[in-house]
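The values are calculated or read from the model by the stated rules, or taken from the named source; none is laboratory data. Predicted model, so just to flag it, every value in this text is computed and none were measured. We place every Cβ from the backbone using ideal geometry, glycine too, and count neighbours over all the protein chains shown.
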Amino acid sequence: MTAVYDEMVPTFTDRGEWTLPRVLRARAETHGDRIYLDCPEEGVALTYAEVHDRAARIATGLLDVAEVGDRVLIMAGNSAAYVLSWFGAAMAGMVEVPINTSYLGDFLAHQVRVAGPTVAVIDAGFAARFVAIPEAASSIRRFAVLGDPEEAATACETLRAAGWDAEPWAALAADEARTDLPDPAASDPVGILFTSGTTGPSKGVVMANAHMYFFADECVSLTRLTDEDTYLVMGPLFHGNAQFLAAYPALIAGARFVLHTRFSATRWTDRIRDARATVTNFVGVMMDFVWKQPAREDDADNDLRCIFAAPTASYVDAFRDRFGVEAFVEVFGLTETSMPIMTPYGVDRPAGAAGLANAEWFDIRLVDPETDEEVPVGEVGELVVRPRAPWITTLGYYAMPEKTVEAFRNLWFHTGDGLRRDDDGWFYFVDRLKDALRRRGENISSYEVESPLLAHPDIAECAVIAVPADHEAGEDEVMAVVVASPGATIDADTVWAWAADRVPDFAIPRYVRVVDALPMTPSGKIRKRELRTDGVTPDTADRTRQPA
């Protein structure tokens, strides 16, 4: 008999309760005096009741300048204020839009323009980035600026000079919370998270309250999280990995959530021990960086029992032994789909397997991407997903109806990812079928890297592709193959210098190859598969091996 994941039992059994405000209110009632949010670098530790009260006062302040359903952009580093702003937006019936803190220029302008936020919560250091995109950010009525008083004041002056209303973040919170705060429905949107595009710009995934709740509660099931646990995270809150796969699961379970400002491989072991963390997660190359730290005699001297890693590495068993971890769990899912494929806790799985079908909650198939016909067991097909309960997958792509229809063709969500399934029911990720990249946990749209490079006057054509990373679990490295404009010359140093001011650091191509012409199809499309097959050639320049 084909195995499935059959452990998913929702913590809140009434689906009408699957909203962030209701879960926060419930936990403030049941766990009010227990610590929820613990931010060691800030010296901040807030109870469930304190988090609820502060988020409610922020919600009240937001409703003074915006309306239910408006978007609240958050572009900030990890902090207690970030979590409170996110929760406050939800309690105001508004929609959080987290933005990658590496974004600038056209990358930032596109997402701000699409989301059309009314309020923006930003770190002081990002003010100039918004001043540089005034048209894209014209929907913003109020900036709430984070930072020390002097930094925040300077940033507010900069924003006011550019025509916006801006105040320090603390001014966002009302003195007292309204008693008539909205009570959004499970089907109402609560977040827009941008994911990489393929042949176009990145798309904003609209998440209903029930979708974000269910995603988080799947993580509760996956890690067997309880109110006796401490879930520690070092990844950025603008990722779902830290939001609805860590902070929100801890909230649902009544656990303690420890949030560090940034990832540190050298301090990982000490942080796990100091926090008495029982659960943590890795994304991308984080696991590899920790593994490569010098082994210490006290590596296993901790309370850690479970690591949620996507993907896990080949040395997972050795990692478990070295650090005394009881279980590694893994999944396959997308922001759009929640997690239709999950690994049962503590179950041995075949090497490379991502998990089993969460069959009670999702229909999943592997299909021929050209015909949508199901492929036989053992063959690679595109993963397509359909929910078996309402509102647990995306409402669509914000302000992109044609992309929504395209993704949901034949009434199935098409992931663009190639997987295979074995006779026992285990699924294995094989390849990305769509033209997107993933580097160190960041989704990258090849289109959004190609566009700024093509703006260089000496570049006539450009193709950005993924090539294998040399770190295990590092996923992809970014490579740009360029053709010089007629009569011009171009080299890798010029490409890197141009990209530095226009492309987020994580998306700057590591590899640059200059060619006379790109391979083309008869219809004029670039044969990227051929370029990927060629990979890193002897004439390819490597940014990591340039002279200092």
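Numbers for the structure displayed
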| item | result |
| --- | --- |
| Strands (runs of 3 or more DSSP E) lying entirely in region 71-130 (those with 2 or more residues that are under 17 Å from V205 (Cα atoms), of a type in the set (V, I, T) and out of contact with any Pro (no Cβ under 9 Å at 6 or more places or on another chain)) | none |
| Residue within region 357-364 that is in contact with a strand residue (DSSP E or B) (Cβ under 9 Å, 6 or more places away or on another chain) and modelled with pLDDT under 95 present | no |
| Flag if Y398 is of a type in the set (F, W, Y) and out of contact with any Leu (no Cβ under 8 Å at 6 or more places or on another chain) | yes |
| Meets criteria (surrounded by fewer than 17 Cβ atoms within 10 Å (Cβ to Cβ), part of a helix (DSSP H, G or I) and either assigned by TED's automatic domain parsing to the domain that holds G487 or free of Cβ contacts under 8 Å to residues at least 60 places away in the same chain (or both)) for E448 | no |
| Residue that is surrounded by the most Cβ atoms within 10 Å (Cβ to Cβ) [pool: residues in region 462-504 that are part of a helix (DSSP H, G or I) and not charged (D, E, K, R)] | V495 |
| Which numbered condition D70 fails, given (1) under 24 Å from the mean Cα position of the chain (by Cα); (2) farther than 20 Å from P189 by Cα | (2) |
| Answer residue from region 263-287, given it is farther than 25 Å from L334 by Cβ and part of a loop (DSSP other than H, G, I, E, B) and is farthest from the chain's Cα centre (by Cα) among those | R276 |
| Options F257, F215: the member that is touching a Ser or Thr at 6+ places or on another chain (Cβ under 9 Å), touching a residue at least 60 places away in the same chain (Cβ under 8 Å), surrounded by fewer than 24 Cβ atoms within 10 Å (Cβ to Cβ) and among the aromatic types (F, W, Y) | F215 |
| Flag if T195 is over 20 Å from R71 (Cβ atoms) and not aliphatic (A, V, I, L, M) | no |
| Region 38-70 - residue that is part of a loop (DSSP other than H, G, I, E, B), without any contact (Cβ under 8 Å) to a residue 60 or more places away in the chain and on the phi < 0 side of the Ramachandran plot and, of those, surrounded by the fewest Cβ atoms within 10 Å (Cβ to Cβ) | E67 |
| Given (1) touching a residue at least 24 places away in the same chain (Cβ under 8 Å); (2) surrounded by fewer than 20 Cβ atoms within 10 Å (Cβ to Cβ); (3) touching a Phe, Trp or Tyr at 6+ places or on another chain (Cβ under 8 Å), index of the condition D431 fails | (3) |
| Unmet requirement for F257, which otherwise passes all of (1) more than 17 Å from L46 (Cβ to Cβ); (2) within 19 Å of the chain's Cα centre (by Cα) | (1) |
| Meets criteria (under 25 Å from the mean Cα position of the chain (by Cα), touching a residue at least 60 places away in the same chain (Cβ under 8 Å) and surrounded by fewer than 20 Cβ atoms within 10 Å (Cβ to Cβ)) for M8 | yes |
| Residue list for region 163-184, restricted to those being aliphatic (A, V, I, L, M) and surrounded by 16 or more Cβ atoms within 10 Å (Cβ to Cβ) | A166, L172, A173, A174, A177, L181 |
| Matching residues, region 316-348, being more than 25 Å from the chain's Cα centre (by Cα) and farther than 14 Å from T280 by Cα | D317, A318, D321, R322, G346, V347, D348 |
| Qualifying residue in region 229-249 (condition: of a type in the set (D, E) and under 25 Å from W86 (Cα atoms)) | yes |
